[in-house]
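A short write-up of the structure that comes next.
What follows draws every value from the coordinates through simple rules; no lab data is involved. Worth saying up front: this structure is predicted, and the values here are computed from it rather than measured. Note that we place each Cβ from the backbone using ideal geometry, even for glycine, and neighbour counts take in every protein chain shown.
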Amino acid sequence: MSTTADATDRSAVEQLAENVADLQETVEQQAKRIEQQAETIERLETEVKIQSSNIGGAHNRISELDDEVSQLEPDSGHETPGVDGDKTGSQDSQTPLERICGLPEHIADRELTVNQERARFVARDVRDYAEKVPAGLVIDSRAIKRVLTASEGKRPHTQTVARVMNFLDDLGKKDVEQKKRRGKKLIVIDPEAATKYTAHHDRCDGESGPTYAEGVISSG
């Protein structure tokens, strides 16, 4: 009887030990799977970071290429094709800048280069961010960069800002003058002209105002 009981106890202990061993093996397998999953997650996170970095680099390169293309736009003494380089012109006629400020958006998109559109954008709301001085409304290159950054969601290249300022100067004719003071480039705009740019903007927003034919940036 005692021998039988001892045998039964040994069998139960052995079974329990076997169950514990099986349980330990299961725990080890699960721990190994968890470790493998953690490694996979870490690898995927690394790949995501690399892809995000690549995408950011691609966006920067696209911006650089856009600026390079803008620099390749026809440039003859900062003159715009179809615009007379003489800044005097007729005192009674509209300047090219005033005309393009009055363009409906679909015509502006079709007729203007990228940097001409940027110049138009700056001029149409120039009273909102230019400084009023005795000489007129003044906006410097740093302010123009801020305006374009807010508009496009990215900081423009320095050369882009310079070309926008050149277009403002060229297209504005007698009403706009580019100056350099203490090493900083400035655009000075006649207040009355700025009012006309804004008035054209308001009319376009209200879907009224004049309609322009082809050759909208011609000096007439």
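Applying 1/(1 + (r/R0)^6) with R0 = 30 Å to the Cβ-Cβ distance of R182 and S93, what FRET efficiency is obtained, to the nearest 0.05? Let's see the in-between values first.
On the way: r = 35 Å, r/R0 = 1.15.
So, using R0 = 30 Å, E works out to roughly 0.30.
Please tell me which of these pairs span more than 21 angstrom C-alpha to C-alpha: K132/K196; K154/K179; K145/K174; K154/K180; K154/K196? Walk me through the numbers before you get to the answer.
Details: K132/K196 16 Å; K154/K179 26 Å; K145/K174 24 Å; K154/K180 26 Å; K154/K196 29 Å.
Cα-Cα > 21 Å for K154/K179; K145/K174; K154/K180; K154/K196; rest within.
Just to confirm the filter: which trypsin sites (Lys or Arg not before Pro) across segment 126-203 are DSSP coil and have at most 15 other Cβ within 10 angstrom of their Cβ? When the trypsin sites (Lys or Arg not before Pro) of segment 126-203 are filtered for loop state and at most 15 Cβ neighbours within 10 Å, K154, R182 remain. Amide H contacts for L186 (H built 1.01 Å from N in the peptide plane; partners 5 or more residues away or on another chain; cut-off under 5 Å): K179, K180, R181. Our estimate of slack between E192 and K174, defined as 0.36 nm per intervening residue step minus the Cα-Cα distance, is 5.3 nm.
To the nearest 0.05, how large is the calculated FRET efficiency for Y129 and E45 if R₀ is 45 Å and r is the Cβ-Cβ distance? Show your work: numbers first, answer last.
Details: r = 42 Å, r/R0 = 0.93.
According to the calculation, E is roughly 0.60.
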